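Here it is, the structure, as structure tokens.
Read-outs throughout are calculated quantities, based only on the coordinates presented, and are distinct from any laboratory measurement. Predicted model, so just to flag it, every value in this text is computed and none were measured. With ideal geometry, Cβ positions are generated from the backbone for all residues, glycine too; neighbour counts draw on all protein chains shown.
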Amino acid sequence: GESEQHRSLYYQKYLEVLTLPMLFFAFNMPQGNLVYWLTNSSMTYIQQLYLKHPDVRKKLGLPQKEQLSLKHPDAHKKLGLPQKDPQLEATHPKELVNPGEIKIDPSKNRSKISVQNLSPHELVNLSIKLLSGGRKDEAMSLLRLAIAKDPENVRALLIIGQTLLQDGSLPEATEYLERSIAKLLLKENQMEIEDVDLLILSSQWAGVACIRQGKMGEGLAHLERIATLKEPVDPKSKAHYYDGLVLLSSALINVGRKKDAINYLQMATAYDESYRKYLQQCENEEDDVTNNLVASRRGD
């Protein structure tokens, strides 16, 4: 009846609200393709929060949950648990741990053993989760451990370089990014799809890191490396490839190579029409084109 229709409309709105966090993670989080599971777990957590609210449960026609706290004197009796001894509690203080706030402390043997048992791939994935939660120090420790276990782990080198660059540690960021590039170049024609993508991203970030340090020549060399690659077939790699060409055009304008910059912007515009405004600005000799290009670069 009318009640069921109202409930259905409310549920539709409820799902629309839950869509917002998913869109945020999908479009704003670095390395988004590596943290799909984080989006999924975040959605589950948000759903739980909504469904715990009494008004939401009432609107959805769900039964109300009985509010029973373990601190309540009748709680242990209702749950069949032994009664607490106040004196015993006083001599043995409680240690309350929130599962969402558990910290990996290398100084504790139990944590150290569990982390040491993880593979480099697992360590990198866990570090991405920690980075997305703002826990950079812990993430960096795991990434360095991954490299210690597997010195050829290019993903770990790239993520460390990206993180250091965002923190403003430019020389150290450049070191890690150039190590990533060197290892990838050793593969030459044996690079797989992921290797090509990692080379494009490492070259982009290394170029930016060098230019920010005033090393225009070195930065330009990293960015020009992208232009020497064939256009990738993989959609994600192709998007990163043209992002790199747009960054390259920005650097070329800075050194007076406007004709070359226009050439790369024309290629990028043929791939993505949204780049046309930068091409037009460059052709019209707009002074602010460089700032706009850098500011508008997608953060992948």
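Using only the Cα atoms of the stretch 110-215, build the gyration tensor, take square roots of its eigenvalues as a ≥ b ≥ c, and label the shape rounded, prolate or oblate: rounded if a/c is under 1.5, else prolate if a/b is larger than b/c, else oblate.
oblate
Averaging sequence separations of C-alpha pairs under 8 Å and six or more residues apart, then dividing by the length of the stretch 110-215, give the relative contact order as a whole percent.
21
Let me ask another. Greater than 26 Å separation of Cα atoms is the criterion. Which listed pairs, LYS230/LYS259; LYS149/LYS187; LYS236/LYS258; LYS187/LYS236; LYS183/LYS277, meet it?
In this structure, LYS236/LYS258; LYS183/LYS277 lie more than 26 Å apart at Cα.
If neighbour count is taken as other Cβ atoms inside 10 Å, put GLU178, GLU194 in order from fewest to most.
GLU194, GLU178
Going by average Cβ density within 10 Å per residue, which order do the peptides 196-202, 181-187, 116-122 take, highest to lowest?
Averaged packing, sorted descending, gives the order 196-202, 181-187, 116-122.
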